[in-house]
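Some notes on the structure that comes next.
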Amino acid sequence: MGEVINGKEESQKYKDKIVRFVSERKKKGLNIPCVASITVGDDGGSLYYVNNQKKVSESLGLKFKSIFLDESITGEELISTIEELNKDCTVHGIMLQLPLPNHIDAKLVTSKINANKDIDSLTDINTGKFYKGEKAFIPCTPRSIINLIKSLNIDICGKNAVVIGRSNIVGKPTAQLLLNENATVTICHSRTQNLKDICKKADIIVSAIGRPGFITSEFVSEKSVVIDVGTTVVDGKLRGDVVFDDVIKKAAYVTPVPGGVGAMTTTMLILNVCEALK
């Protein structure tokens, strides 16, 4: 029987550090971190995420600005909003909720975010620095994944890691962070052959494909650390890529959904805001 990787418990350690950081600035009369979140349209998932960001941010002493824009807004109008936030010295981090409506060029819009306020690493500047190994904001979900693995006191160096999913948001940056830790990384995807056999040989498995219940005990070994990044709503409940009750019986460690990676992600976002201020 494996062990559960408690994302809530681990995220609390970072929250405590953030609270201390904000409290010290308040005592010294210094400005405190402020994040501005932009949402275009009324997508339920994005609204839920923003409300959670606001709740957690304010509970840790940060300021939070919620900006809701109509779905019919033009790309030029959205860029104008971003540029105003770029100039606002009281705002230290800008979060743009994706995806954007089809009539807006997302690549163009994200490129207008000030790289020093790009806390979710959406700009080409931060992305380029990240892959070159230079100091840059690390995408929140991949950062959460690496921190959860490190919380197990496992030496990632030399381990065989499999990342299932090749998105620019999770799969690719997670693979890069694992490479930075000197793991040997295999990136798998929808066209990978013999996926089960590849996963069975892995010390670390990160699943980010958004297919609920896809990863079973047949994919893992007794040494496997399984990180479930999947978040799909099925019959009103949030489900991950991993069949948790099945995999936990065989693997060494498994993250639950909810309560795993997702519990860390918002905290990492707030940590990036603090670093942006510093």
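All of the numbers you see were taken from the coordinates with simple rules; none came from a lab. No experiment lies behind these values; they were computed from the predicted model shown. Every residue, glycine among them, receives a Cβ derived from its backbone with ideal geometry; neighbour counts consider all protein chains shown.
Tabulated values for the structure
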read-out	value
Residue-count net charge about residue 7 - beta-carbon cut-off 14 Å; Lys, Arg +1, Asp, Glu -1	+1
Ellipticity estimate at 222 nm from DSSP helix runs (n ≥ 4, -39,500 (n - 2.57)) divided over the chain, nearest 500	-12500 deg cm²/dmol
Relative contact order (%) - the chain, alpha-carbon pairs under 8 angstrom, separation at least six	22
Label selected from (i) 52, 46, 40; (ii) 53, 41, 34; (iii) 82, 34, 33, the criterion being Cα extents along the principal axes in Å as computed here	(i)
Trypsin sites (Lys or Arg not before Pro) restricted to DSSP loop in region 1-107 with at most 12 other C-beta within 10 Å	28
For region 198-259 versus region 61-131, the gap between their alpha-carbon centres in whole angstrom	32
Over 26 Å (Cα to Cα) - which of 17/65; 112/278; 54/237; 129/196 fall in this group	129/196
Loop trypsin sites (Lys or Arg not before Pro), region 154-193 (other Cβ atoms within 10 Å of the site Cβ: 15 or fewer; DSSP)	191
